[in-house]
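Undergrad: First the structure, which I've put down as structure tokens, then a few questions once you've had a look.
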Amino acid sequence: MAKRGGFPGGMPGNMNNLMKQAQKMQKQMEENQKALEEKEFTASAGGGAVEVTISGKKEVIKVKLSEEVVDPDDIEMLEDLIVAATNEALRKVETEAAAVMSKLTGGLGGGLGGFGF
């Protein structure tokens, strides 16, 4: 027979406390997600010739090109630089999101699959 206030099977604990902790953690996750979405992440490629800024929502906000990188005879290089800068900016968002989750979970290892971080 399980103890009062415990889990079936004899696991000790207070279900009410666990629910409060889970709700607090969920609220913190929502706040952190909103703060992340409001941030901007910028990365450059080609020695700064191409600069891409994206939001924490992973939406491209701005692309800045230096005049010298716009060569009608070498569109492929410009395309590659834009892709490189965009991917680097996206990596910055992912790194920030992982750091926020790690801090929130106390390094438990991101076992909270399904959350859009």
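Undergrad: Within segment 2-25, identify whether any single residue is over 27 Å from residue 101 (Cβ atoms), of a type in the set (A, V, I, L, M, F, W, C), more than 16 Å from the chain's Cα centre (by Cα) and modelled with pLDDT under 85, and answer yes or no.
TA: From segment 2-25, those over 27 Å from residue 101 (Cβ atoms) are 2-6, 8-10, 12; that's our starting set.
In the following step, the residues that additionally are of a type in the set (A, V, I, L, M, F, W, C) were identified as 2.
Narrowing the set further to residues that are more than 16 Å from the chain's Cα centre (by Cα) leaves 2.
Narrowing further to those that are modelled with pLDDT under 85: 2.
Yes, some residue in segment 2-25 is over 27 Å from residue 101 (Cβ atoms), of a type in the set (A, V, I, L, M, F, W, C), more than 16 Å from the chain's Cα centre (by Cα) and modelled with pLDDT under 85.
Undergrad: Condition first: touching a strand residue (DSSP E or B) at 6+ places or on another chain (Cβ under 9 Å), loosely packed, with under 12 Cβ neighbours inside 10 Å and assigned to a loop (DSSP other than H, G, I, E, B). Can you find one or more residues in segment 37-45 that meet it? Talk me through it step by step, then tell me what you get.
TA: As a first pass, look at segment 37-45 and keep what is touching a strand residue (DSSP E or B) at 6+ places or on another chain (Cβ under 9 Å): 37-45.
With the extra rule that they be loosely packed, with under 12 Cβ neighbours inside 10 Å, the set shrinks to 38.
Narrowing further to those that are assigned to a loop (DSSP other than H, G, I, E, B): none.
No - not one qualifying residue is present in segment 37-45.
Undergrad: Exactly one of these conditions fails for residue 76: (1) at pLDDT 95 or above; (2) acidic (Asp, Glu); (3) surrounded by 11 or more Cβ atoms within 10 Å (Cβ to Cβ). Give me its number.
TA: Here residue 76 clears every test but (3).
The values are calculated or read from the model by the stated rules, or taken from the named source; none is laboratory data. Quick caveat, the model's predicted, so the values are computed rather than measured. Please note: Cβ atoms are built from the backbone with ideal geometry, for glycine as well, and neighbour counts cover all protein chains shown.
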